[in-house]
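Data block below; observations after.
The values are calculated or read from the model by the stated rules, or taken from the named source; none is laboratory data. None of the values given here were measured: they were computed from a predicted structure. Ideal geometry is used to build each Cβ from the backbone, glycine not excepted, and the neighbour counts take in all protein chains shown. For accessibility, only protein heavy atoms count, side chains too; no ligands or nucleic acids. Shrake-Rupley method; radii C 1.70, N 1.55, O 1.52, S 1.80 Å.
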Amino acid sequence: MAHTATTDVLITGAGPVGLSAAAELRRHGVRCRLVDRLPARLPYAKAVGIQPRTLEIWDRMGLARTILEASAVLRGQLVYVNGRERARLDLTLPPEVPYGFAALPQYDTERLLEEYVAGLGTRIERGTELLSFTQDDGGVTARLRTASGTEEEVRAGYLIGCDGAHSTVRKGLGLTFEGAAFEEEYMLGDVEADWALPHGYGIRSVHHGADGTPDDVLVCVPLPGTGRYRMSMLVPPELSTRTRGDGPPSTTDARGDGDGVTHGLTTGEGRAPELHHLQAVVDRLAPVPAVLSRLRWSSVFRISHRIVDRYTDGRVFVAGDAAHIHPPTGAQGMNTGVQDACNLAWKLALVIRGEAGPALLATYDAERRPVGEEVVGRTVRHATRGIEADPDDPRAVLLREAQLLVGYRDGPLAPVTDVPPGAPGPGDRAPDCGGLTVPASAYPWRLLDVLRGRAGHVIVLYAADPARLTAAAETVRGLWEADGTARPSLEVIAVLARETAPAPAAPDALPVPAYRDAAGEFVRLYRPEGPTAFILRPDGHLATRFPLTEPTTLPSLHTWLKTLSTPPTRP
């Protein structure tokens, strides 16, 4: 066995979740190794939907433009029952939301993330498999098998399992993975359809039998390219992965480990659907005549819904499909996993740099497992009854599907504080806003433009009085420079009210980067009541807010710092 090598974090699994974890860690200056047992990316359009919230996170990295240039727009969904249109869902979000819904095959998402991570100095170690691991108070010792067949021992501070539904890390921790498998099996295909349907709209066509229950289904998601879709439908009997007779489904996936988790693509089993299999379903269920062509790939797909009992155990964590699996309804899985990774990465970075206490890492499970539970439950309901059967009002349904309502107000990092009605509070998503101006720019900026490329926490100081902003900025700087204590990276920016007092002041007269709220959007969305400070987390959630009045400012900052080192227990 090769000698032990050392790194801060070992990540196993180089899908979108593992790559996002590596990207965030490297942005925060943390060393990591990223290994994947596969010799190359899989050529399948598995996860294709990209939610607006994920695009906001990737924008902070500076990656959103690259993703969008390769993506197709998703404008909505048309729902048909027994050949008749029953619902039309237009994916129209409030104007302050910077991004809409997009679609991109998973292999392209992985390629773009891989290029980004390589630019930060980390490359995927392909063909390298995690065999086993142990942990102690000082770190994790992992045993790897490399592409050459050599076994290597790696010593890491922490281990993140982003290794999918059949996770070696989850099994090594002995985590439970409670849930069940759907009885139905599906087939997927990446094809082109020649039909007269609106561009950019997904199609869900269901047939109800005599008893009123669904017995046939066709789901089509637009992909980049003319007439290109990823289609899913019930599998015909001759392609079923079930054992002969009435026995249970086969539990052998592409890895062949037979672990009992029936979830994901079945490749290499000789049952790949052909074009005529897909065409037969389209002939039955498509709302208009269609001819399919150019089948790029196809597979049988099995669905389970499961979630682990905890996302962390000591120095080892699970994220993405290693922690939660569920129906692909609404394109929630990959996006939830990416947000798992970003939530964990900034916390690991603070602890590794000695800028926060180890207790901060427990908040990963406290914040993200409730999100996973909600997503699993919701996608199961939507898979069986359809999203159009959701009892909430259409606006809430759309914002939830866009993952813009994910928040941690009840989590351990959200201090109890007075929040004006309708305003974002600690733990909520920090809204984007437009109309921010600076004298040297001929066009207004969005808040995301200001935050782009900033890896750490950002404190936004808002006031109408430039003198108040100057004093607040000096207070923050003074605390950070006071005694040399390691503290989280905190960049300070200021937002001047549309009309400053006692006279208009130029933003460039302030001692920190400053922008004028020329359109009044910051005030409308953040609802400050007088001079206010907002601390934004690296993952785009609001850490806290407090008045910029002495003696409030300094104690509020101390309280927030204490929360990072010793998160309080919430009832």
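Tally the DSSP beta bridges in the chain and give the antiparallel ones as a percent, rounded to 5.
On the way: 78 of 112 bridges.
Restricted to the chain, the bridges split so that about 70 percent are antiparallel.
Translational diffusion coefficient of the stretch 268-331 (Stokes-Einstein, Kirkwood radius from Cα pairs, 10 °C, 1.306 mPa s): 103 µm²/s. Apolar share of the accessible surface for the stretch 71-219: 46 percent from carbon plus sulfur atoms, 1.4 Å probe. Accessible area per residue was computed with a 1.4 Å probe on protein heavy atoms; LYS562 scores about 140 Å². In the stretch 1-61, what percent of the accessible surface is made up of carbon and sulfur (1.4 Å probe, ligands and nucleic acids excluded)? Solvent-exposed carbon and sulfur of the stretch 1-61 make up 53 percent of the total. Placing unit charges on the Cβ atoms of the charged side chains and taking the dipole of the stretch 144-207 about its Cα centre, the candidate lying farthest along the positive direction among GLY149, LEU159, VAL191 is LEU159. So which GluC sites (Glu not before Pro) in the stretch 43-114 are both in a DSSP loop and have at most 15 other Cβ atoms within 10 Å of their Cβ? Passing sites in the stretch 43-114 are GLU96. Neighbours of LEU436, meaning other residues whose beta-carbon lies under 10 angstrom from its beta-carbon, give a summed charge of -1 when Lys and Arg score +1 and Asp and Glu score -1.
How much net charge surrounds HIS457 when only the other residues with a Cβ under 11 Å from the Cβ of HIS457 are counted, with Lys and Arg +1 and Asp and Glu -1? List each step's numbers first, then the result.
Working: positive: ARG454, ARG487, ARG537; negative: GLU355, GLU491, ASP539.
Neighbour charge sum, excluding HIS457 itself: 0.
Per residue, the chain reaches -8000 deg cm²/dmol at 222 nm when only DSSP H runs of four or more residues are counted, each adding -39500 (n - 2.57).
Find, among the trypsin sites (Lys or Arg not before Pro) in the stretch 313-386, those assigned to loop by DSSP (not H, G, I, E, B) with at most 14 other beta-carbon atoms within 10 angstrom. Provide the component values of the computation, followed by the final result.
On the way: sites: ARG315, LYS347, ARG353, ARG368, ARG378, ARG381, ARG385; in loops: ARG315, ARG353.
Sites meeting the loop and neighbour criteria: none at all.
Using the heavy atoms of the protein chains and a 1.4 angstrom probe, tell me the accessible area per residue for the chain in square angstrom.
Working: 22950 Å² over 571 residues.
Accessible surface, normalised per residue, equals 40 Å².
Hey, if you put +1 on the Cβ of every Lys and Arg and -1 on every Asp and Glu Cβ in the chain, which of VAL450, GLN339, HIS208 ends up farthest toward the positive end of that dipole? Most positive-ward Cα: VAL450.
Probe radius 1.4 Å, ligands and nucleic acids ignored: give me the carbon and sulfur share of the accessible area of the stretch 339-498 as a rounded percent. Could you put the intermediate results ahead of the total?
Working: 3300 of 6160 Å².
Carbon-and-sulfur percentage of accessible area, whole number: 54.
Quick one: compute the contact order of the chain, relative version, from alpha carbon pairs under 8 angstrom and 6+ residues apart, as a percent.
Values: 1214 pairs, mean separation 85.5, N = 571.
Over the chain, the number comes to 15 percent.
Between 0 and 90 degrees, the angle of helix 106-119 with respect to the longest Cα principal axis of the chain falls at about 40 degrees. The distance separating the Cα centre of the stretch 510-571 from that of the stretch 427-445 comes to 16 Å.
Amide H to amide H, with H built 1.01 Å from N, LEU536 comes under 5 Å of VAL458, ILE459, VAL460, ALA543, counting only residues 5 or more places away or on other chains. Derived scalar couplings between HN and Hα for the stretch 332-342 equal 9, x, 4, 5, 4, x, 4, 6, 3, 4, 6 Hz in order, rounded to whole Hz, by the Karplus curve 6.51 cos²θ - 1.76 cosθ + 1.60 (θ = phi - 60°), x for Gly and Pro. Applying the Karplus relation 6.51 cos²θ - 1.76 cosθ + 1.60 with θ = phi - 60° to the stretch 343-353 yields 3J(HN,Hα) values of 4, 6, 4, 5, 5, 4, 4, 5, 5, 4, 7 Hz, where x marks Gly and Pro. Summarised as an ellipsoid, the chain has semi-axes of 42, 30, 20 Å, derived from the eigenvalues of the Cα gyration tensor scaled by 5 and square-rooted, with the largest first. The solvent-accessible area of ILE352, taken with every protein chain present and a 1.4 Å probe, is close to 50 Å². The H on the amide N of TYR515, modeled in the peptide plane, is under 5 Å from the matching H of ALA494, VAL495, LEU496, each at least 5 residues off or on a different chain.
Here the spin labels are modelled as points 7 Å beyond Cα on the Cα-Cβ line, and at TRP480 and LYS171 they lie 4.6 nm apart. Annotation for the stretch 205-225 versus the stretch 285-363: alpha-carbon center distance of 25 Å. The Cβ shell under 12 Å around GLY119 holds other residues with a net charge of +1, Lys and Arg each +1, Asp and Glu each -1. The heavy atoms of MET233 present about 0 square angstrom of accessible area, all protein chains included, probe 1.4 Å.
How far, in nm, would the chain grow between ALA147 and ALA40 when pulled straight, counting 0.36 nm per residue and subtracting the alpha carbon separation? The partial results should precede the final answer.
Working: separation 107, 0.36 × 107 = 38.52 nm, distance 1.13 nm.
Computed gain between ALA147 and ALA40 is 37.4 nm.
Helix 275-285 and the long axis of the chain differ in direction by around 80°, with both axes built from C-alpha atoms.
What is the extension gain from THR417 to SER132, computed as 0.36 nm multiplied by their sequence separation minus the C-alpha to C-alpha distance, in nm to one decimal? Don't skip to the end; give the middle numbers.
Working: separation 285, 0.36 × 285 = 102.60 nm, distance 4.49 nm.
Gain on extension, THR417 to SER132, equals 98.1 nm.
Between helix 16-27 and the chain, what is the angle of the helix's C-alpha long axis to the longest principal axis, kept within 0 to 90° and rounded to the nearest 10? Tilt of helix 16-27: around 20 degrees.
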